[in-house]
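Q: So that we are looking at the same thing, I have put the structure below in structure tokens.
The numbers here are math on the coordinates, done by the rules we state, and not lab data. Since this is a predicted model, take the numbers as computed values, not measurements. Glycine also receives a Cβ, built like all others from the backbone with ideal geometry; neighbour counts cover every protein chain displayed.
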Amino acid sequence: MNYCIAIDGPAGAGKSTIAKLVAKKLEFIYVDTGAMYRAMGLYFTENNFDVNNHEDIVKACETADITIEYKDGEQIVVLNGENVNGKIRTEEAGKMASAVATIKEVRVKLVELQRKLASVQNVIMDGRDVGTQILPNANLKVYLTASSAERAKRRWKENTEKGIVCDLATIEADIIARDEQDMNREISPLRQAEDAILLDSSFMTIDEVVEEIIRLYQQHK
């Protein structure tokens, strides 16, 4: 019987980092939704589909099959049977991914593919609407958050370590604005699912958050 873990939460809460670590420890597939959008962007590019042509969009959605596998510890993004890891990280694929991500039909198609993947594999998926929209029947739902001040500190530290000059107050203002935007957007707004467990990581280390989610999994499985 396959098991699904959904992690939602605001920007900067560390969802992807945590999800990848939990997936590794539990030997689950981490569903990288961003990589799936990039694969769809690549498909549009390689087949010369026009994102402004509705007929082309529908055709692309009908004929694209995207999934994620793990081989020798490496995540493999598969587009219509081909390993496209080496192709989806190009700037061109990234730009097209951003363009197709706003198209309703593409989002519907990718949700369908994500659900298909979750129906046959043990998966962990993170985002803004996984527990509320994509996997409403997930076995375990976690709403991972942290205070805006703590999320800003983490982002500032990350940027500083990369040599990027930044202002802590500006970063926190941006995070608060992003929260407001995500919570009030028309399509799939950010919110905690009724059956999600709230996990505030403001005063927790990454390892402590990972261990807590694994404890919750063991408690709920």
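Q: What do you get when you divide the Cα radius of gyration of the chain by 2.2 N^0.38 Å, with N the number of residues?
A: 1.04
Q: What is the helix-to-structure angle for 15-26, meaning the angle in degrees between its Cα long axis and the longest Cα principal axis of the chain, kept from 0 to 90 and rounded to the nearest 10?
A: 90
Q: How big is the gap, in Å, between the Cα center of the range 145-196 and the Cα center of the range 22-69?
A: Taking the Cα centre of the range 22-69 as reference, the centre of the range 145-196 is 26 Å away.
Q: Once the Cα atoms of helix 168-184 and of the chain are each reduced to a long axis, what angle between those two axes, in degrees from 0 to 90 to the nearest 10, is obtained?
A: Tilt of helix 168-184: around 60 degrees.
Q: Turning to a different aspect of this structure: Between ASN52 and ASN83, what is the label-point separation in nm under the 7 Å Cα-to-beta-carbon projection?
A: Once both label points are built, they end up 3.8 nm from each other.
Q: Taking only the C-alpha atoms, wrap a convex hull around the range 31-121 and report its volume per residue in Å³ as a whole number. Walk me through the numbers on the way to the answer.
A: Values: hull volume 7.9 nm³, N = 91.
Value for the range 31-121: 87 Å³ per residue.
Q: Can I ask one more? Fully extended, how many nm does the chain gain between LEU198 and MET183 (0.36 nm per residue separation, minus their Cα-Cα distance)?
A: Values: separation 15, 0.36 × 15 = 5.40 nm, distance 1.63 nm.
Result: 3.8 nm gained on full extension.
Q: At what distance in nm do the modelled label points of ASP72 and THR160 sit from each other, each positioned 7 Å from its Cα along Cα→Cβ?
A: Taking the simple label geometry, ASP72 and THR160 are separated by 4.0 nm.
Q: Additional query: Counting pairs of alpha carbon atoms under 8 Å apart in space and at least six apart in sequence, what relative contact order in percent does the range 31-121 give? Intermediate values should be presented prior to the final figure.
A: Values: 106 pairs, mean separation 33.7, N = 91.
About 37 percent, as a whole number.
Q: A follow-up question, please. Whole-Å semi-axes of the range 144-220's equivalent ellipsoid, largest first, each the root of 5 times a Cα gyration tensor eigenvalue?
A: On the way: eigenvalues 131, 80, 15 Å².
With the √(5λ) rule applied to the range 144-220, the semi-axes are 26, 20, 9 Å.
Q: Go through 177-186, 128-137, 109-118 and give me the packing order, highest mean Cβ count within 10 Å leading.
A: Ranking, from highest mean packing down: 128-137, 109-118, 177-186.
Q: Below 8 Å, C-alpha to C-alpha, sequence gap of six or more: please give me the relative contact order for the chain in percent.
A: Values: 329 pairs, mean separation 70.3, N = 221.
Result for the chain is 32 percent.
Q: Something else about it: Angle check, please: helix 33-46 long axis (alpha carbons) against the longest principal axis of the chain (alpha carbons), in degrees 0 to 90, nearest 10.
A: Rounded to the nearest ten degrees, it is 20.
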